[in-house]
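> Here it is: the structure, laid out below.
The values are calculated or read from the model by the stated rules, or taken from the named source; none is laboratory data. Bear in mind that the values here come from a model prediction, so they are computed numbers and not experimental data. Neighbour counts are summed over all protein chains in view; Cβ atoms, including those assigned to glycine, are modelled from backbone coordinates with ideal geometry. In case anyone asks, the SASA skips ligands and DNA or RNA and just uses the protein heavy atoms, side chains included. Shrake-Rupley method; radii C 1.70, N 1.55, O 1.52, S 1.80 Å.
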Amino acid sequence: MPLAFRFSRILNPRFNPSTNLGLALASSFSASSRPEPPELPGARGGGGGFPATIREGRAEIFADDSNSVFYNKAQVNNRDLSIAVLRSFISRRREEHDIQLRRGSHAELPPKHHAEELGHIRGSSEDKALSEEISYRAPKVLEALAASGLRAIRYALEVDGIGEVIAVDNNEVAIEACKKNIHHNGSVASSKVVPHLADARVYMLTHPKEFDVVDLDPYGSPAAFLDSAVQCIADGGILMCSATDMAVLAGGNAEVCFSKYGSYPLKGKHCHEMALRILLACIESHAIRHKRYIVPIISVHMDFYIRDKRNIALPNFSPLVPQECAECGHNFVMGGPIWSDPMHDKEWAASILSSIQAMSCAYSAYAKISAIMTSVSEELPKAPLFVSLHNLCAILKCTNPTIATFQSAIRNAGYQISGSHVDPLALKTDAPMSVIWDIMRCWVKIHAVKYRPGNHPGTRILSQEPKLQAKFSHVPGGLAVQKSPRFVPNPEKYWGPKTKAGRQPKRLPKPSIYKLKFKLSFWRHVCPFENLVITDY
């Protein structure tokens, strides 16, 4: 599943990160120019000899049936969410600039004198450096792996206040396609989007601290680009990073994950959130090498699926914990390191969600990204990973309490609980596992289970008396009250990543005439109808 991943901001130490800034996001479409609700992106056949095109948002690109230039329709969710974050980022950037402007031009003056005072500042030679520093500049964007250029074109057309967008790719065919698509989208795209044929890593290393926004969306792992990416971002800039090698990040191949990201993953219901935290930890490790640090804004997982049942080779050392779990008596399994601080900024999440809802017609994947941002805005920020109620009951072999009953018990014990955007059955809580198991022991006392002899984990857990007497009385509110959807189905069948550019999709061979005759004979044998009609196979 690609990790529609998220956004890490490298802060400028001159700005006060604790400043409480309110957002007033306005729609970028006026009533007279409000676009019609965009359809789900797809190829549109050209008539009269015109080539087929694909429309997404306000951009339109030429379709490539040969797959020489990569285009992934399923990443519309990723691109829509990136646009929403960019809009919020530009709004905040303007507010930070206004604060710096007031600090540098005597905030005690009445508003009508600000322009005169600012002109005096800019006119004096000794304050020329300060004038250059506080003058507002539209954010410069780098799309490091442009392919068809769709993402860069959408940024230019749909994000108000954006500056130059550099689209880099090391594939000549992709750059030619990008140039055609830029020209096809008119003067605004042509004036803002600049294509470059270059290796993204070399280009980022040779442009240190030049870009306010860097977008990394590779086919697979972004690990090879992270070191150069954190160096080319300006102070106060934002890094938007996607990873689509979820089979590796979520525990399908621990050795490959360690070689790419420096961390061991663990399989389980929490694997997708752990994948997010592994990537965040990896980005942090690259940033601190260059005396920088990150503050995650939005970190999300969405869309694609993992199917891998290989055995995982674990590291041959153990953490500084007891050899056995105090609850079940079994050995610990080690993974990590991971990012253990909050993955989301609650203020950013709320502002991005309100922006998405205010401009619902501007997003092709509105239902998906609004559902994800709703879940993100409700998550507990300081609760790494989560538990699954179904897994807890499966270990104890007991009936499942309802989510409302379980969350009431957690809240009655004095702890917080929330859901998670990565799994509809996930429960994030700040309660320790000892409290969770005590609640389940109390539940089993009410709903008895059969005794199972042996060293079964559930038997060991239930053999201990609960230290906490759980209260299952209903607590109003919480997870039981959900008036808007948090998880929406895929818009069509086979929704997911497509074949990498340059590779032809695999097609199953058609059945031979002999297999066809055998099947027809079989059906005639088991279905002896007088008037049997055989349609095309």
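> Within the range 135-161, track down each residue that is open to solvent by 10 Å² or more (accessible area, probe 1.4 Å) and over 27 Å from Ser221 (Cα atoms).
Across the range 135-161, the qualifying residues are Ser135, Tyr136, Arg137, Ala138, Leu157, Asp160, Gly161.
> Being under 30 Å from Glu96 (Cα atoms) and of a type in the set (Asp, Glu) narrows it down to one residue among Glu172, Glu210; which is it?
Going through Glu172, Glu210 in turn, the sole match is Glu210.
> Name the residues in the range 62-79 that are out of contact with any Cys (no Cβ under 9 Å at 6 or more places or on another chain) and either of a type in the set (A, V, I, L, M, F, W, C) or over 18 Å from Lys368 (Cα atoms) (or both), would you?
Step one: list which residues in the range 62-79 are out of contact with any Cys (no Cβ under 9 Å at 6 or more places or on another chain), which gives 62-68, 70-79.
Residues satisfying the conditions are Phe62, Ala63, Asp64, Asp65, Ser66, Asn67, Ser68, Phe70, Tyr71, Ala74, Val76.
> Report, by residue number, each residue of the range 349-369 that is over 30 Å from Tyr264 (Cα atoms) and of a type in the set (A, V, I, L, M, F, W, C).
Passing the criteria: Ala350, Ile352, Leu353, Ile356, Ala358, Met359, Cys361, Ala362, Ala365, Ala367.
> Please tell me if Ile395 is in a helix (DSSP H, G or I) and open to solvent by 60 Å² or more (accessible area, probe 1.4 Å). If you could, list the steps in order and put the result at the bottom.
On the way: in a helix (DSSP H, G or I): yes; open to solvent by 60 Å² or more (accessible area, probe 1.4 Å): yes.
The answer is yes for Ile395.
> List every residue pair whose Cβ atoms lie under 6 Å apart, where the two residues are 6 or more positions apart in sequence or sit on different chains, the first residue falls within the range 429-440 and is without any contact (Cβ under 8 Å) to a residue 40 or more places away in the chain, and the second residue, located anywhere, is open to solvent by 20 Å² or more (accessible area, probe 1.4 Å) and of a type in the set (Ser, Thr, Tyr).
Close Cβ pairs satisfying both conditions: Ala431/Tyr415.
> If a residue must be more than 20 Å from Asp430 (Cα to Cα) and aromatic (Phe, Trp, Tyr), how many such residues does the range 355-401 contain?
Residues in the range 355-401 being more than 20 Å from Asp430 (Cα to Cα) and aromatic (Phe, Trp, Tyr): 2 in total.
> Would you tally the residues in the range 61-83 being open to solvent by 10 Å² or more (accessible area, probe 1.4 Å) and among the aliphatic types (A, V, I, L, M)?
2
> Looking only at residues that are among the acidic types (Asp, Glu) and surrounded by fewer than 24 Cβ atoms within 10 Å (Cβ to Cβ) in the range 202-244, which one is farthest from Ala501 (Cα to Cα)? Walk me through it before giving the result.
Initially, the range 202-244 is screened for residues among the acidic types (Asp, Glu), giving 210, 212, 215, 217, 227, 235.
Pick out the ones that are also surrounded by fewer than 24 Cβ atoms within 10 Å (Cβ to Cβ) and you get 210, 212, 227, 235.
Details: Glu210: 29, Asp212: 29, Asp227: 25, Asp235: 34 Å.
So, considering only residues that are among the acidic types (Asp, Glu) and surrounded by fewer than 24 Cβ atoms within 10 Å (Cβ to Cβ), the one farthest from Ala501 (Cα to Cα) is Asp235.
> What tally of residues in the range 198-247 results from selecting those that are farther than 18 Å from Asn78 by Cα and out of contact with any Ser or Thr (no Cβ under 7 Å at 6 or more places or on another chain)? Let's see the steps before the verdict.
Going residue by residue through the range 198-247, those that are farther than 18 Å from Asn78 by Cα are 198-212, 223-237, 247.
Filter once more, keeping what is out of contact with any Ser or Thr (no Cβ under 7 Å at 6 or more places or on another chain): 198-200, 202-203, 206-212, 223-237, 247.
Final tally of qualifying residues: 28.
> Considering only the range 277-329, state which residues are of a type in the set (A, V, I, L, M), open to solvent by 60 Å² or more (accessible area, probe 1.4 Å) and at pLDDT 60 or above.
We begin by selecting, within the range 277-329, every residue of a type in the set (A, V, I, L, M); these are 278-281, 283, 287-288, 294-295, 297-298, 300, 302, 306, 312-314, 320-321, 326.
Subset that is open to solvent by 60 Å² or more (accessible area, probe 1.4 Å): 288, 314, 320-321, 326.
Selection gives Ile288, Leu320, Val321, Ala326.
> OK, next. Somewhere in the range 344-361, is a residue open to solvent by 30 Å² or more (accessible area, probe 1.4 Å) and not in a helix (DSSP H, G or I)?
Just the residues of the range 344-361 that are open to solvent by 30 Å² or more (accessible area, probe 1.4 Å), to begin with: 345-347, 350, 354, 357-358, 360-361.
Now restrict to residues that are not in a helix (DSSP H, G or I): 345.
Yes, there is a match, as at least one residue in the range 344-361 is open to solvent by 30 Å² or more (accessible area, probe 1.4 Å) and not in a helix (DSSP H, G or I).
> For the range 411-422, state whether one or more residues are of a type in the set (A, V, I, L, M, F, W, C) and either exposed (fewer than 15 other Cβ atoms within 10 Å of the Cβ) or part of a helix (DSSP H, G or I) (or both).
Going residue by residue through the range 411-422, those that are of a type in the set (A, V, I, L, M, F, W, C) are 413, 417, 422.
If we keep only those that are either exposed (fewer than 15 other Cβ atoms within 10 Å of the Cβ) or part of a helix (DSSP H, G or I) (or both) as well, we get none.
No: the range 411-422 contains no residue that is of a type in the set (A, V, I, L, M, F, W, C) and either exposed (fewer than 15 other Cβ atoms within 10 Å of the Cβ) or part of a helix (DSSP H, G or I) (or both).
> Assess whether Ile369 counts as being in a helix (DSSP H, G or I) and out of contact with any strand residue (DSSP E or B) (no Cβ under 6 Å at 6 or more places or on another chain). Please lay out each step first, then the result.
Details: in a helix (DSSP H, G or I): yes; out of contact with any strand residue (DSSP E or B) (no Cβ under 6 Å at 6 or more places or on another chain): yes.
Taking the combined requirement at face value, the residue satisfies it.
> I've got another one for you. Among Ala167, Ala198, which is the only one that is hydrophobic (A, V, I, L, M, F, W, C) and over 22 Å from Glu60 (Cα atoms)?
On the way: Ala167 fails: over 22 Å from Glu60 (Cα atoms).
Answer to the check: Ala198.
> Suppose the filter is aromatic (Phe, Trp, Tyr), closer than 22 Å to Asp345 by Cα and over 27 Å from the mean Cα position of the chain (by Cα); does Tyr415 pass it? Outline the logic, then answer.
Details: aromatic (Phe, Trp, Tyr): yes; closer than 22 Å to Asp345 by Cα: yes; over 27 Å from the mean Cα position of the chain (by Cα): yes.
Yes.
> Answer with yes or no whether Lys445 is touching a helix residue (DSSP H, G or I) at 6+ places or on another chain (Cβ under 7 Å) and open to solvent by 30 Å² or more (accessible area, probe 1.4 Å).
On the way: touching a helix residue (DSSP H, G or I) at 6+ places or on another chain (Cβ under 7 Å): no; open to solvent by 30 Å² or more (accessible area, probe 1.4 Å): yes.
Against the criterion (touching a helix residue (DSSP H, G or I) at 6+ places or on another chain (Cβ under 7 Å) and open to solvent by 30 Å² or more (accessible area, probe 1.4 Å)), Lys445 does not qualify.
> Look through Leu508, Leu516, Leu462 and report the one residue that is modelled with pLDDT under 70, of a type in the set (A, V, I, L, M, F, W, C) and surrounded by 12 or more Cβ atoms within 10 Å (Cβ to Cβ).
Details: Leu508 fails: surrounded by 12 or more Cβ atoms within 10 Å (Cβ to Cβ); Leu462 fails: modelled with pLDDT under 70.
Result: Leu516 is the single residue among Leu508, Leu516, Leu462 that is modelled with pLDDT under 70, of a type in the set (A, V, I, L, M, F, W, C) and surrounded by 12 or more Cβ atoms within 10 Å (Cβ to Cβ).
> How many of the residues making up the range 442-460 are under 20 Å from Glu324 (Cα atoms) and not in a loop (DSSP other than H, G, I, E, B)?
Looking only at the range 442-460, we keep the residues that are under 20 Å from Glu324 (Cα atoms), and these are 453-460.
Within this subset, residues satisfying the condition of being not in a loop (DSSP other than H, G, I, E, B) are 457-460.
So the count comes out to 4.
Residues are listed down the side, and each one gets a yes or a no for (1) outside the structural domain of Glu273 (by the TED database); (2) at positive phi:
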site	(1), (2)
Met334	no, no
Ser340	no, no
His344	no, no
Ser355	no, no
Ala362	no, no
Lys397	yes, yes
Asn400	yes, no
Phe406	yes, no
Asp438	yes, no
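> Give the residues of the range 231-279 that are closer than 22 Å to Met204 by Cβ and assigned to a loop (DSSP other than H, G, I, E, B), sorted by residue number.
Result: Ser242, Thr244, Asp245, Gly262.
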